[in-house]
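The values are calculated or read from the model by the stated rules, or taken from the named source; none is laboratory data. The structure presented is a predicted model; accordingly, all values stated were derived computationally and were not measured. Methodologically, a virtual Cβ is constructed for each residue, glycine included, from the backbone with ideal geometry; neighbour enumeration extends over all protein chains shown.
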Amino acid sequence: MDAQLRRGILEVCVLTALCEGESYGYQIIKDISPYIAMSESTLYPILKRLESSGALTVTSREHNGRLRKYYAITPAGRRRITSFLTEWEDVTRAYDYIRSASHTVSEGGTIYE
Amino acid sequence: MNKAEFLDKLCQGLRFQADPDEIRRVVAFYDQAIDDRVEDGMTEEEAVAALGDLDEIIRGVKDAWEQEPKSRPEEAPSGDTDRRDFDPAVSTRFEIFDTSLDIHLLPSPDGQVHLEYPASGRWRYDITGESVVTIRRSRKSTPPEQFHFDIFGMKFSLSKPDFGFFTENASLKLLLPAAAPVAVSVNTASGNLTAERVRLASLSAALASGDVDLRDMEAEGRLSVSSASGDVDAARLTAPEIALTSASGDVELADIRCGVLTAKSASGDVDVENASPANKLTAGAVSGDIRVSLAVPCPDASLETVSGDIDLSLPGPESLYSVVARSNSGDVHIGGDALTGPHRVRIKALSGDIDVEFGG
């Protein structure tokens with residue numbers, strides 16, 4: 001997958017994982033992993049970008065005798081998901097078009113799904 | 001690889017890359033990632049392995065920094081020393097920001113505050129402010145330094161030759177007068193912090209992987225030091241409030257006199273010997289052990305670990321204390337009937353053993 005596209009999708013996935021309520025790094029990775037693979041080294045810069053763009057807020061709270069950082073989505077973060085879904089409708093339409101014409105693309109080759 | 005080794009290697013890999021706050025944030029992030037996996041049932045080694053290749057992690061962090069405008073590569077400073085003097089009646093607070101230098105707090109030979117710092121062709125120390133003096137190291141803008149001079153009215157400029165060479169133990173010294181104590185705050189990544197025979201108004205220090213060594217020190221106010229993966233050692237400290245913590249390093253304290261004492265480590269051990277907290281003691285660890293011996297009875301003591309063991313030695317007869325000790329799966333041993341005394345002691349462990357002795 002194109003790196004830019006993947007990054008955009010991952011950012012929205014992280015925000016989606018926070019929609020039900022605040023969460024922390026490892027829990028976010030566990031929630032997302034059935035859908036798209038992500039490691040801490042990918043998550044860290046994403047959380048940083050989302051924080052500096054105001055899509056989420058961070059608070060440290062004590063948990064089992066240590067400090068744990070919790071991330072919470074902001075209204076700006078929710079708007080980000082909504083606009084992603086709207087934009088994605090365009091992508092889906094384009095996808096349907098590409099797919100409907102795939103027999104002409106493959107020219108007798110195999111289409112991998 | 002265990003957590004401490006991993007975090008230390010991570011720090012080493014990042015130390016020349018960004019400001020100490022950012023390194024601390026990254027270390028804290030991975031510290032938490034490991035703790036959360038351990039809590040989920042993995043061993044420390046499994047948790048570290050699950051994070052993936054360390055070099056890749058370091059590369060990822062560096063890539064993220066490079067996407068940001070303010071990231072800056074760093075090099076070690078070099079040889080000679082510069083010096084600045086301050087009047088403690090005017091300058092009452094010193095804030096040091098650095099990444100890799102060792103920082104030493106030492107007694108001043110006179111009534112002034114003296115700062116000694118490395119002079120280098122590559123480095124610049126921005127020393128600003130009057131009552132609050134901020135000491136911040138930054139890389140010089142390139143070209144680094146130029147000589148400007150006039151000959152017969154013609155202006156010339158020449159680049160200053162750079163004699164900078166790497167010095168392993170480059171350090172910054174702040175010499176402090178005991179008669180006029182000032183407040184000090186230290187912020188560094190891989191540098192160590194030492195303090196010896198000094199008297200301060202207060203000390204607040206945050207380190208990422210550096211070790212801390214404090215001896216024969218007195219503070220009029222709060223003395224608070226934390227290191228993410230370094231060890232914290234302290235002996236003969238006096239202050240109304242003392243808080244010494246490490247995430248994965250050991251915390252070892254001896255002969256501490258204070259009102260409120262907090263000593264914590266997550267995966268390291270906490271050793272407190274012959275302490276006299278007059279009001280309150282809090283000792284905490286997660287997988288490390290806690291050993292505490294008190295010189296005087298403390299009215300409110302609280303000790304807590306998850307999987308580590310707790311050993312507590314209290315002075316005087318057991319009738320002075322009311323001890324509540326609980327371990328879910330570990331053994332609890334209390335060396336006497338301590339149920340109704342005025343000094344409250346609360347001890348909690350999840351799987352560790354608890355041992356309390358009296359009259360030591």
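The table below lists the values:
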| quantity | calculated |
| --- | --- |
| Residues located in the stretch A:32-84, provided they are over 14 Å from A:Thr16 (Cα atoms) and aromatic (Phe, Trp, Tyr) | A:Tyr44, A:Tyr70 |
| Filtered residues of the stretch A:62-108 (kept if of a type in the set (Gly, Ala, Ser) and free of Cβ contacts under 8 Å to residues at least 24 places away in the same chain) | A:Gly65, A:Ala76, A:Ser83, A:Ala94, A:Ser100, A:Ala101, A:Ser102, A:Ser106, A:Gly108 |
| The stretch B:289-313, residues that are β-branched (Val, Ile, Thr) and either surrounded by fewer than 23 Cβ atoms within 10 Å (Cβ to Cβ) or not in a strand (DSSP E or B) (or both) | B:Val296, B:Thr305, B:Val306 |
| Every residue from the stretch B:240-250 that is crowded, with 24+ Cβ neighbours inside 10 Å and either part of a strand (DSSP E or B) or not aliphatic (A, V, I, L, M) (or both) | B:Ile242, B:Leu244, B:Ser246, B:Ser248, B:Gly249 |
| Criterion violated by A:Ser83 - all others in (1) modelled with pLDDT of 85 or more; (2) among the polar types (S, T, N, Q); (3) in a helix (DSSP H, G or I); (4) more than 16 Å from the chain's Cα centre (by Cα) satisfied | (4) |
| Scope the stretch B:5-48; condition of a type in the set (Gly, Ala, Ser) and at pLDDT 85 or above; matching residues | B:Ala28, B:Ala33, B:Gly41, B:Ala47 |
| Options B:Val113, B:Val90; residue that is under 24 Å from the mean Cα position of the chain (by Cα), at pLDDT 85 or above and away from chain A (no Cβ under 14 Å) | B:Val113 |
| Number of the exception - B:Asn187 against (1) crowded, with 20+ Cβ neighbours inside 10 Å; (2) part of a strand (DSSP E or B); (3) out of contact with any helix residue (DSSP H, G or I) (no Cβ under 8 Å at 6 or more places or on another chain); (4) not charged (D, E, K, R) | (3) |
| All positions within the stretch B:206-219 that are buried (at least 21 other Cβ atoms within 10 Å of the Cβ), within 19 Å of B:Ala254 (Cα to Cα) and not β-branched (Val, Ile, Thr) | B:Leu214, B:Met217, B:Ala219 |
| Per-region count, the stretch B:270-288, residues within 14 Å of chain A (Cβ to nearest Cβ) and surrounded by fewer than 20 Cβ atoms within 10 Å (Cβ to Cβ) | 1 |
| Wholly enclosed strands (runs of 3 or more DSSP E) of the stretch B:316-360 bearing at least 3 residues more than 15 Å from B:Ile290 (Cβ to Cβ) | B:321-327 |
| Residue in the stretch B:96-107 that is under 24 Å from B:Asp211 (Cα atoms), among the β-branched types (Val, Ile, Thr), at pLDDT below 90 and not in a strand (DSSP E or B) present | yes |
| Count - residues of the stretch B:251-269 that are surrounded by 23 or more Cβ atoms within 10 Å (Cβ to Cβ), within 14 Å of chain A (Cβ to nearest Cβ) and in contact with a strand residue (DSSP E or B) (Cβ under 6 Å, 6 or more places away or on another chain) | 6 |
| Filter result (part of a loop (DSSP other than H, G, I, E, B), within 14 Å of chain B (Cβ to nearest Cβ) and under 25 Å from B:Leu54 (Cβ atoms)) within the stretch A:9-62 | A:Tyr24, A:Ser33, A:Ala37, A:Met38, A:Ser39 |
| Every pair of residues 6+ apart whose Cβ atoms lie under 8 Å, when the first sits in the stretch B:307-328 and is without any contact (Cβ under 8 Å) to a residue 60 or more places away in the chain while the second is among the hydroxyl-bearing types (Ser, Thr, Tyr) and surrounded by fewer than 16 Cβ atoms within 10 Å (Cβ to Cβ) | B:Ser307/B:Ser351; B:Ser319/B:Thr340; B:Ser322/B:Thr340; B:Ser327/B:Ser351; B:Asn328/B:Ser351 |
| Flag if B:Ser248 is in contact (Cβ under 8 Å) with a residue 24 or more places away in the chain and out of contact with any strand residue (DSSP E or B) (no Cβ under 8 Å at 6 or more places or on another chain) | no |
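Residues are listed down the side, and each one gets a yes or a no for (1) within 15 Å of the chain's Cα centre (by Cα); (2) surrounded by 16 or more Cβ atoms within 10 Å (Cβ to Cβ); (3) of a type outside the set (A, V, I, L, M, F, W, C):
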| residue | (1), (2), (3) |
| --- | --- |
| A:Ala17 | yes, yes, no |
| A:Glu20 | yes, no, yes |
| A:Lys30 | yes, no, yes |
| A:Gly77 | yes, yes, yes |
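Residues are listed down the side, and each one gets a yes or a no for (1) at the interface with another protein chain (Cβ under 9 Å from one of its Cβ atoms); (2) over 24 Å from B:Thr188 (Cβ atoms); (3) not in a loop (DSSP other than H, G, I, E, B):
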position: B:Phe6; (1), (2), (3): no, no, yes
position: B:Gln12; (1), (2), (3): no, no, yes
position: B:Asp21; (1), (2), (3): no, no, yes
position: B:Val26; (1), (2), (3): yes, no, yes
position: B:Gln32; (1), (2), (3): yes, no, yes
position: B:Asp35; (1), (2), (3): yes, no, yes
position: B:Gly41; (1), (2), (3): no, yes, no
position: B:Glu46; (1), (2), (3): no, yes, yes
position: B:Glu56; (1), (2), (3): yes, yes, yes
